[in-house]
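Everything on this sheet refers to the single structure shown next.
The values are calculated or read from the model by the stated rules, or taken from the named source; none is laboratory data. All figures in this text were calculated on a predicted structure; none of them were measured in a lab. Note: ideal-geometry Cβ built from the backbone for every residue, glycine included; neighbour counts use all protein chains shown. The protein model used for the area step is the full one, side chains on, heavy atoms only, and it has no ligands, DNA or RNA in it. Shrake-Rupley method; radii C 1.70, N 1.55, O 1.52, S 1.80 Å.
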Amino acid sequence: RILDSTNTLGQGVNLPVKTVVIHSLERRWDETTSDGESVIYTNSLRKRDFWNICGRAGRAGKETEGQVVFVKITSHDEELIQEYQNEENIEEVDSGLFKILQALVERRISQNDLIGYLDSHLLALLAEETVDTQDEAHILSFLDTSLVGVQAVRKQVEKTPLASAMRTVATWILDQVEDEGLRKVFAATGLRVSSCQTIEANIIQYFEEIRLELESVENAENAENTHFQNSDFFTQVAFIACQRLPEMKLVHTIDYHGPEGDEFSLIRNWISGVPIRELRNNLWDPDKEEDFSRYLADRVTYKLPWGINGFLSILAFKLEREYTDLPVIWQHLPSMVKFGVNSIFSCWASSLGITSRNSALQIGQAYLSEDSSQTIDYSDFVRWFVNLP
C-alpha cells in the first residue's frame with residue numbers, strides 16, 4: 001500500500017499511485033577526501049524530474065485524479081517549492097539526435113562518422129519496418145514526429161543533413177547485413193553492427209566445439225542429470241566474443257588493474273563466488289580498491305551481461321533455434337555474470353533480493369541438496385524460498 005522510493009520513481013514506474021509525498025528536493029551524501037576529511041555534498045533534483053515524479057500520481061485507467069503533497073519543514077523548503085512550481089524553470093530536454101544534427105550542420109562531423117554511432121537505432125527501425133530508411137523523404141517524415149523534429153522547428157534548423165546521414169548509415173547497414181533475419185537479431189542486441197559481426201565471427205570460429213558442448217548439455221538433461229552450472233569453456237567463449245567490443249569498454253574514469261592479458265581468470269573467479277576481498281587482494285592491485293568496485297559495477301555487472309545476452313541471441317540464430325530453445329543453463333549465463341554466482345538457483349535467489357553472493361550460493365546449494373533431482377522450475381523455487389524458516 002505504501003512505496004518508499006528514491007527519485008528513481010520518476011523513471012517510469014507504472015503503478016496505480018493515488019498520492020505522492022515528497023519530503024525533499026535535495027540529495028545529500030558525504031565523501032571522504034584524500035586527507036581523510038568527510039565532506040558533505042548536495043545536489044538538487046532537476047525541475048523536469050520533479051514534475052515527472054508528480055506525474056506518478058493519478059495513473060490513467062486506475063485513478064481519475066491524484067494529489068502531490070510536499071513536506072515543508074524550513075523556509076528553504078518553501079523557497080524550493082515556489083521555484084519548482086514555476087513551470088518556466090523546467091529544464092529543456094536535450095535530444096541526442098538534435099546534437100548530431102547541429103554537428104552535421106556545423107560540419108564538425110561527416111555522415112560516415114555516424115557509422116557505428118547510429119547503427120543500433122537504425123537497425124531497430126529496419127527490423128521493425130516502421131520507416132523506409134532508404135527513402136530520404138520517408139526519413140524526414142519520420143523525424144517530423146520525433147523530438148529532434150520538434151526541436152529543429154523550434155530552433156529553425158534544417159533537418160535534411162540528418163535525414164541524409166541516416167539514409168547513408170541505413171544503406172551501409174543493408175550492405176553489411178543482407179539477411180533480414182540476422183538484421184532483426186542484431187537489432188535486438190542493442191549493439192552496433194560491427195560489434196554483432198565480431199560476436200558472429202567468434203561463434204563461427206568455435207562453432208564445432210559449441211555444438212559438441214550443446215550435445216553434452218542436452219544429453220545430460222535427457223538423462224535427468226541436469227547441468228546447473230556452465231562449463232569454463234562455454235563461459236570463456238562468451239567472454240572472448242564480448243571482451244573487446246566498444247560497448248563493453250570501461251568508462252574513461254576507471255582504470256583496469258587486474259591480470260594483464262587474462263581478465264577471464266578474474267571473471268571466472270567472480271562467477272565461482274570467490275569473495276570480493278579475495279578477488280581484490282589476489283587478482284587486482286589492492287591499493288586501487290575504489291577502481292575495483294567501479295570496475296565491477298561498470299563492466300562486470302552491467303556491460304558484460306548485455307554483451308553476453310547478445311552473444312546468446314546471435315548463437316541461437318546460427319544454431320537455427322529460438323533463444324528460449326537454448327539450454328536453460330546457457331540462458332542464465334548473463335545473470336551469473338551480473339550476480340557473481342555459478343548456478344541457476346543462486347541467480348534466482350539473487351533476483352529475489354538476496355544481495356550477499358555467499359548467501360545466494362548457499363541458498364542455491366541448499367535447494368539442490370534437498371533433492372538432487374530438482375527440476376528447473378522457478379515457481380517451485382519461489383514456493384520453497386518463501387517458506388524457509
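A few points about this structure:
- The magnitude of the dipole of segment 15-117, with charges of +1 and -1 set on the Cβ of Lys/Arg and Asp/Glu and taken from the Cα centre, is near 600 debye.
- Packing rank of 190-199, 48-57, 135-144, where each peptide gets the mean count of other beta carbons within 10 Å, highest leading: 190-199, 48-57, 135-144
- Charge dipole of the chain about the Cα centre (unit charges at C-beta), most positive-ward option of 368, 272, 293: 293
- Listed residues 117, 206 arranged by accessible area, highest first, probe 1.4 Å: 117, 206
- Percent RCO, i.e. relative contact order, over segment 237-347, from Cα pairs under 8 Å lying at least 6 residues apart: 32 percent
- Stokes-Einstein D in µm²/s, Kirkwood radius over Cα pairs - the chain at 37 °C with 0.692 mPa s viscosity: 132 µm²/s
- Relative contact order for segment 51-143, counting Cα pairs under 8 Å that sit 6 or more residues apart, in percent: 8 percent
- Converting phi to 3J(HN,Hα) with the Karplus coefficients 6.51, -1.76 and 1.60 and the offset θ = phi - 60°, segment 8-14 yields 4, 3, x, 7, x, 5, 9 Hz in sequence order, with x at every glycine or proline.
- Computed helical MRE - 222 nm, the chain, DSSP H runs ≥ 4 contributing -39500 (n - 2.57), nearest 500: -15500 deg cm²/dmol
- Placing +1 on the Cβ of every Lys and Arg and -1 on the Cβ of every Asp and Glu, with no other charges, gives segment 289-389 a dipole of roughly 200 debye about its Cα centre.
- Here the extension length gained between residue 268 and residue 150 equals 37.6 nm, from 0.36 nm per residue of separation less the Cα-Cα distance.
- Taken per residue, the accessible surface of segment 172-311 reaches 51 Å², heavy atoms only and a 1.4 Å probe.
- Positive minus negative residues near residue 247 (Lys, Arg vs Asp, Glu; Cβ under 11 Å): +4
- Our note on the geometry: Cα centres of segment 336-380 and segment 1-39, 30 Å apart.
- For the chain, modelled as a GNM whose springs connect Cα atoms under 10 angstrom apart, the maximal fluctuation among 235, 74, 324 occurs at 74.
- The charge dipole of segment 185-296, taken about the Cα centre with unit charges on the Cβ atoms of Lys, Arg (+1) and Asp, Glu (-1), comes to about 380 debye, rounded to the nearest 20.
- The length gained by stretching the chain between residue 212 and residue 21 to full extension, at 0.36 nm per residue less their Cα-Cα distance, is 63.0 nm.
- Considering only 169, 156, 138, the residue lying farthest towards the positive end of the dipole of segment 105-189 is 156, judged by Cα position with unit charges set on Cβ.
- For segment 1-120: rounded, prolate or oblate by the Cα gyration tensor [a/c cutoff 1.5]: oblate
- Entry comment: accessible area of segment 21-114 is 71 Å² per residue, from protein heavy atoms only and a probe of 1.4 Å.
- Cα centroid of segment 113-128 to Cα centroid of segment 168-202, whole Å: 9 Å
- Computed from backbone phi, the HN-Hα couplings of segment 279-285 come to 4, 5, 6, 9, 10, 8, 6 Hz, rounded to whole numbers (Karplus: 6.51 cos²θ - 1.76 cosθ + 1.60, θ = phi - 60°; Gly and Pro given as x).
- Lysine pairs with alpha-carbon atoms under 15 Å apart, the chain, spacing 8 or more or separate chains: 6
- Based on alpha-carbon atoms, the Kirkwood radius and the radius of gyration of segment 101-178 give Rg/Rh equal to 0.95.
- Selection among 100, 233, 381 by position relative to the dipole of the chain gives 100 as farthest towards the positive end (Cβ unit charges, Cα centre).
- Here the Karplus relation 6.51 cos²θ - 1.76 cosθ + 1.60, evaluated at θ = phi - 60°, turns the backbone of segment 259-275 into coupling constants of x, 5, x, 9, 5, 4, 4, 5, 4, 4, 5, 4, 5, 6, x, 4, x Hz, with x for every Gly and Pro.
- Contact order for the chain, expressed relative to its length and based on alpha carbon pairs under 8 Å spaced 6+ residues apart, stands at 11 percent.
- Fraction of accessible area attributable to carbon and sulfur, the chain (%, probe 1.4 Å): 45 percent
- Residues with amide H under 5 Å from that of residue 22, placed H, sequence gap 5 or more: 69, 70, 71
- Shape of segment 198-278, Cα gyration tensor, a/c cut at 1.5: oblate
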